[in-house]
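Read-outs: derived from the displayed coordinates by stated rules, not from any lab. What you see is a predicted model, and the numbers here were worked out from it, not measured in a lab. Neighbour counts run over all protein chains shown; Cβ positions are idealised from the backbone, glycine included.
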Amino acid sequence: MAPSAGRIALITGAGSGMGLETARLLARDGATVVLLGRRQRVLDTVAATIRAEGGTALPLAADVTRAEDVARVVEQVHAALGPIDILVNNAGSASSVLNPQWLPHDEWRQVLEVNLTAVFQLTQAVLPDMLGRGTGTIVTVSSLAAVNPNLLGGAAYGAAKAGARNFMTFLHNTFRNQGLRAITVLPGEADTPILDNRARPPEPEERATMVRPEDVAEAIRLAVTLPQRVVLQEIVVAPTRQRDTSDDLEISRWAGAPADAAPPA
């Protein structure tokens with residue numbers, strides 16, 4: 001029997017990158033995957049790919065920062081499939097301004113809403129079923145920026161990912177004896193679409209040695225398919241080779257700075 005046969009997995013940020021690859025792997029293992037993201041057309045394409053590979057997928061467009069959207073999605077999944085066994089909090093967002101000297105308040109709030117508040121809202125929505133049944137797995141994709149924050153991700157991103165890691169540790173400490181597995185995945189620099197929004201997007205040869213989305217997906221797959229008696233509380237997925245980011249950090253320092261504050265060219 002496939003290791004995830006019969007289980008229902010809800011994956012946020014499933015339209016691309018780590019979320020997409022995680023959905024494909026879990027579907028191959030027999031899980032019914034619920035694809036969550038903002039763009040229905042993109043999710044429909046991912047669902048078609050999964051079905052072509054023999055899997056089962058339900059694409060649902062939603063804004064995970066809106067509590068009413070989260071409640072609607074969980075109700076839809078209950079009605080169509082049943083209770084959620086696996087939640088993968090993967091949706092992420094970074095600000096365009098990295099330095100807190102000039103970071104707009106609306107960008108700060110938006111990054112925390114996607115990377116932290118959404119994790120809380122989705123977790124709160126699935127906890128009653130998981131605790132009531134005495135089993136369930138919640139995986140949150142945090143970042144090594146949670147433990148080593150810098151200007152590559154920016155002030156808001158590092159703070160949000162650290163908050164998400166803290167929240168997952170809280171879940172682990174509080175509910176492990178009620179059957180809940182709370183797992184944090186901490187990827188290092190990864191070749192995902194979010195890099196295109198960096199102050200200096202890395203060149204193809206730099207991306208070649210980075211973590212790839214499928215690497216993180218394999219780590220998530222391992223964590224959720226191990227027997228329920230085992231929890232991999234934290235998983236670090238980092239590139240073997242560490243590149244020199246000193247130029248990137250300096251460029252990021254001045255992204256969004258007012259004209260009179262930027263260093264001379």
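With a cut-off of 8 Å between alpha carbons and a minimum separation of six or more residues, what is the relative contact order of region 8-253 in percent?
The value is 19 percent.
Test of understanding: ordering Ile183, Ile235 by Cβ neighbours within 10 Å, fewest first, what list do you get?
Ranking Ile183, Ile235 by Cβ neighbours within 10 Å, fewest first, gives Ile235, Ile183.
Using +1 on the beta carbon of Lys and Arg, -1 on that of Asp and Glu, and nothing else charged, what's the dipole of the chain about the Cα centre, debye to 20?
Charge dipole of the chain: 800 debye, to the nearest 20.
Taking θ = phi - 60°, what integer Hz values does the Karplus form 6.51 cos²θ - 1.76 cosθ + 1.60 yield along region 30-37, in sequence order, with x for Gly and Pro?
Here the 3J(HN,Hα) series is x, 6, 8, 9, 9, 9, 10, x Hz.
Okay, helix-only estimate at 222 nm for the chain: each DSSP H run of n ≥ 4 adds -39500 (n - 2.57), divide by all residues, round to 500 deg cm²/dmol; what do you get?
Working: 9 runs with 109 residues, N = 265.
Here the helix-only value at 222 nm equals -13000 deg cm²/dmol.
Out of Arg109, Arg181, Arg198, any idea which swings most in a Gaussian network model of the chain, alpha carbons joined below 10 Å?
Arg109
Might you report the magnitude of the Cβ-based charge dipole of region 129-265 about its Cα centre, with Lys and Arg at +1 and Asp and Glu at -1, to the nearest 20 debye?
With only Lys, Arg, Asp and Glu charged at Cβ, the dipole is about 800 debye.
How would you rank Trp108, Trp102, going from fewest to most other Cβ atoms within 10 Å of each one's own Cβ?
On the way: Trp108 18, Trp102 14.
Arranged by neighbour count, lowest to highest, Trp108, Trp102 become Trp102, Trp108.
What is the set of long-range amide H partners of Arg181 at a cut-off below 5 Å, with H atoms built 1.01 Å from backbone N?
Long-range HN contacts for Arg181: Gly136, Thr137, Ile138.
Spin-label point model (7 Å from Cα, Cβ direction): what's the Val236 to Leu131 distance in nm?
My value for the distance between the label points is 3.2 nm.
Run the simple label-point estimate for Glu203 and Arg39 please: 7 Å along Cα→C-beta, distance reported in nm.
Computed distance between label sites Glu203 and Arg39 equals 2.8 nm.
How much length is gained on full extension from Glu250 to Asn173, taking 0.36 nm per residue of separation minus their Cα-Cα distance? Display every interim value, and only then the final one.
Values: separation 77, 0.36 × 77 = 27.72 nm, distance 3.88 nm.
Using 0.36 nm per residue and subtracting the Cα-Cα distance, I get 23.8 nm.
How far is helix 118-133 tilted off the main Cα axis of the chain, in degrees rounded to 10, range 0 to 90?
Once rounded, one gets 20 degrees.
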